[in-house]
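**Q** Below you will find the structure I want to go over with you.
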Amino acid sequence: MHAFEAQDIRKSYGGVHALRGVDLAVRPGSVHALLGENGAGKSTLVKIMTGVTRPDSGVLRLDGREVAFANTAEAAENGVAVVSQELSLFPHLSLLSNLFPMREPRKGLLIDKREMLRRAEPILDQLGVDAKPGVLVQELSLADRQLVEIAKALVTEPRVLLLDEPTSALEGGATDRLLEILRVLRSRDVGVVFVSHILQEVMSVCDEVTVLRDGELALSADPIANHTVPTLVKAMIGDKVIATQTVARTDVAELAGEAHGALVVDGLALASGVHGVSLTAKPGEIVGLVGLAGSGPTEVLRALAGIVRPTAGNVTLPGGRPAPRGQRAHVAAGVAYVSGDRRRYGLMLEKPIWENMVQVRSMGMLRDGALLRRGALLERALGHVERVGIKVGSIEDDVSSLSGGNQQKVVMAKWLDNAPSVLLLDDPTRGVDVGARAEIHGLLRGASNGGAVVLLCSTDLEEVVAACDRVVVFYRGTSVAELTGDQITTQAMLELINTGTPDEQAA
Amino acid sequence: MKGMLMSERVKDDAPAAKSAPGGSRDALPSLLRNGIRIRALTGADWFSALAALVLLVAVIGIMNPAFLNSTQLINVVQQSVYIALMAAGIAFLVTQGEVDLSVAGNYVLTSIVASVLIQGGMNPWIAAAIALCGAVAVGALNALIVQGIGINSLIATLAMGWVLRGLAAAVSEGKQIIGMPVDNSFFRILGGEKWLGLPVSVWILIVVVVVLTVVLRATPFGYRVREIGSNEDAARFAGIPVGRTKTYAFLLSGGLAGLAGLLGLAFFTSGDPTSGGGFELFAVAGAVIGGNPLTGGTATIFGAVIGAILLKTVGVGLVYFSIPAVWSQFATGAIIILAVSLNGLMARRKQRRRQT
């Protein structure tokens, strides 16, 4: 019998069919991959199975019994837990309190903290969370928050666990620990549904695979043994041809500012413990910065954007000027910082697409004078829509109406609008599907060809291999190695970020 | 060079834009065109406040036809000018997630300072200019406390309001400042003269609404205000100077409160340290009801002014409905709660409709 089964689920949002009759049946003691492109309906299906939204029609069965969950709490009571894509933690509460939202173990009227710790500690250990249970969630890194989110699902000791892209914010080691936990859960007869963009993970841990395409089943509970990465990709995208190869957008090249000379970092140190970082990035090359979370790449990028002030060292901008002080001065000096957290740092979601696109140049930098003509701004934005290749109904629609990939292209457009000579990207394709990711890489290549200095941080090493000409590897707060050309492989980077030195035995 | 190339390219693409203004609209049948205009009208942030105002005037008029005469209506607007000016300034703050509750205190202190100077023999116009500078300085002080020290604007400006009101009481020794030279052009023009049938103070309000609407809609400052309210982090990352923008808004709010104080002085021809009671509530509630939600991100100056006039009309209406004077404060408060609740419910419904 199936542990949890969804049958003939249909759901539409205002005339758009998100799901048109799909099934998903999870066996106990198995890991079931749920795949599909962005917008294929994966998240909708997960939401329906965990009580977040209700289907228009179709049934859910738990151990053969028909169920309808009013909300996630009710699903959790029935043994169905979810780790959702959007983090849902309370930033002002401690890590420990976040693990038991609304269901703290009690002793009389009081919360039984000892019992909470007893239950949480083994799980936190397994996941490799180093933070103390009493620390506030807002002080945790994104990767740690993701782990807390997973721990929160695990403390309920679920019989069915749904994970919606749990690894998008995790670095290598944490991902491996998570996959190991999934194997343990499988041995304990838990039914796991695993949604991921990263097909290698899926191949290594899953038993069966269901693929959605445009709200319909493309593959239904097929044994993973029948598949390879290419066959899965084929199932996801169907006959559509998607350029996974990076094609430089030449029309973006003319937007990017020309960097006269290299960006030079010399002996940079930060309060966070980063020290002795030196690197040079020349116009026309895309330089990757990689390392485990906290080892330096993101921190260095934020310092180069003027968000944090270095405690020592020199940064020279292209053209020979020393880096100014403060974030706004950096923007004015032609530095663009694209964050992967686009909802928080990149976009004004309930503002129209065009206004988001023109705001750095016209509102932030006042480069279009004291009176702004709406018509001129709209025209400029329209040109950008064309250049960065956004699929859009109207540029007067809110940005929130766009898919994740298109949203990130809006962020790219708003920075290119300001003709930056230095482009800093921190995990720019987080939660973006394969096709859109290649297109964003095309934008980077275009900007680079146009003469900009491009630095890219990514937690996804495949992305670094695909996009970068040169890679600086960080280990424990400093740059330890540089790879170029054919040296840039996932294998080589994995070894370096985990050990700080190339693995001699493998060589 | 690059810029030239870009705009040429853009022109080729322009016909593809469904949403570009002008252009293809001419091809539409006129009925459909009007339909679009009406939709744009009813969808505007200020529409419900204006509709409520018209309805309220109609209801009061039906109950008591004497209300529906132009002198009476103009009178109501004239009495609304003070809170309407404050609401216009507060709209710039509410949109950014800040507020200024010191406006009533600023109103009182400005009129006391000006009247004391005038009583001492100073030319009223010069005294007014000095007092207005003081009002802007209060705005700067608010900005310093909120931006510089990092105190929440709710508590900082609430306390500042007390400071100002207390100062006004101390300077005036709790008494009305009388003996104004009412024949002076200051009191004659600002206090009662009519141009084209409207009091000068109403014309000033109209000019303020027009100028601030242009500032809000067509200048980088106006865009910045709304963008900061939409997502402050993203605004800072985009190079928008958040602190400076908020500071300008505090200066504006202080200045408009001061202007209101001067118009009040000109009209009442005396400085009264006990005047302006509850003006901050009317101004904030008016701005919110008029379409400047406390959640920020969107703003309308016209709406803020209409909201303030609406609340004033309610107050006047209470007289017509012969509510006993002892109950009028209760009724006003209750009606503000009702209006803000209705406004909130409607905003939530609108948002839900957008999501589905």
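Since every read-out is calculated from the coordinates, none of them should be taken as a lab result. Quick caveat, the model's predicted, so the values are computed rather than measured. Ideal geometry is used to build each Cβ from the backbone, glycine not excepted, and the neighbour counts take in all protein chains shown.
**Q** Report the Cα-based extents of chain B along its three principal axes, largest first, to the nearest Å.
**A** Cα spread of chain B along its principal axes, largest to smallest: 69, 52, 37 Å.
**Q** Okay, next question. By how many degrees, 0 to 90 and rounded to 10, does the Cα axis of helix A:434-449 deviate from the longest principal axis of chain A?
**A** It is inclined by approximately 10 degrees.
**Q** Let me ask something else. So if I take the centroid of the Cα atoms in segment A:373-431 and the same for segment B:281-356, what is the distance between those two points in Å?
**A** 37
**Q** Averaged over its residues, how many other protein chain Cβ atoms are within 10 Å of peptide B:219-231's Cβ atoms?
**A** 5
**Q** Starting from the eigenvalues of the Cα gyration tensor, five times each then square-rooted, give me the equivalent ellipsoid semi-axes of segment B:216-356, largest first, whole Å.
**A** Ellipsoid semi-axes (Å, largest first): 31, 23, 11.
**Q** Rounded to the nearest angstrom and ordered from largest down, what semi-axes does the equivalent ellipsoid of segment A:1-149 get from its C-alpha gyration tensor (root of 5λ)?
**A** After scaling each eigenvalue by five and taking roots: 32, 18, 15 Å.
**Q** A further question on this structure: Within 10 Å of each Cβ in A:379-385, how many Cβ atoms from other chains are there, averaged over the peptide?
**A** Per residue, the number of nearby Cβ atoms from other chains is 5 on average.
**Q** I'd like the mean, over residues of A:357-366, of how many other protein chain beta carbons sit within 10 Å of each residue's own Cβ.
**A** Per residue, the number of nearby Cβ atoms from other chains is 6 on average.
**Q** Scale the Cα Rg of segment A:245-322 by the rule-of-thumb value 2.2 N^0.38 Å and send over the ratio, two decimals.
**A** Expressed relative to 2.2 N^0.38 Å, the Cα Rg reads 1.23.
**Q** Okay, next question. State, in angstrom, two size descriptors of segment B:45-155 derived from its alpha carbons: Rg to one decimal place and Dmax to the nearest whole number.
**A** Expressed in Å, the Cα Rg and Dmax of segment B:45-155 come to 18.7, 54.
**Q** Taking Cα atoms, how many degrees apart are the long axis of helix A:172-187 and the longest axis of chain A, rounded to 10 and kept between 0 and 90?
**A** Between helix and principal axis, roughly 10 degrees.
**Q** Then there is this: Calculated from DSSP H runs of 4 or more alone, at -39500 (n - 2.57) each and per residue, what is the 222 nm mean residue ellipticity of chain A, nearest 500?
**A** -9500 deg cm²/dmol
**Q** In addition: Nearest 0.05, what FRET efficiency do B:ASN184 and A:SER272 give at R0 = 56 Å with Cβ-Cβ as r?
**A** 0.30
**Q** Please report how far the C-alpha centroid of segment A:464-502 lies from that of segment B:74-108, rounded to the nearest whole angstrom.
**A** About 59 Å separates the Cα centre of segment A:464-502 from the one of segment B:74-108.
**Q** Follow-up. Give me the net charge of A:GLY191's neighbourhood, meaning all other residues with Cβ under 9 Å from the Cβ of A:GLY191; Lys, Arg count +1, Asp, Glu -1.
**A** Value of the local net charge: +2.
**Q** How big is the shadow of the Cα convex hull of chain A, averaged over all directions, in nm²?
**A** 25.4
**Q** I'd like the projected area of segment B:264-346, averaged over all directions, using the convex hull of its alpha carbons. Report it in nm² with one decimal.
**A** Spelled out: convex hull of the Cα atoms, projected over all directions, averaged, 6.7 nm².
**Q** Relative to the present Cα-Cα distance, how much length would full extension add between A:PHE90 and A:VAL229 at 0.36 nm per residue of separation?
**A** Gain on stretching A:PHE90 to A:VAL229: 46.3 nm.
**Q** Still on this structure, I have one more. Can you give me the Rg/Rh ratio for the protein assembly as shown, using Cα atoms for both radii and the Kirkwood formula for Rh?
**A** Looking at the protein assembly as shown, the ratio lands at 1.02.
**Q** Over every pair of different alpha-carbon atoms in segment B:113-236, take the mean of 1/r and invert it; report that Kirkwood radius in Å.
**A** Across segment B:113-236, the inverse of the average 1/r is 17.8 Å.
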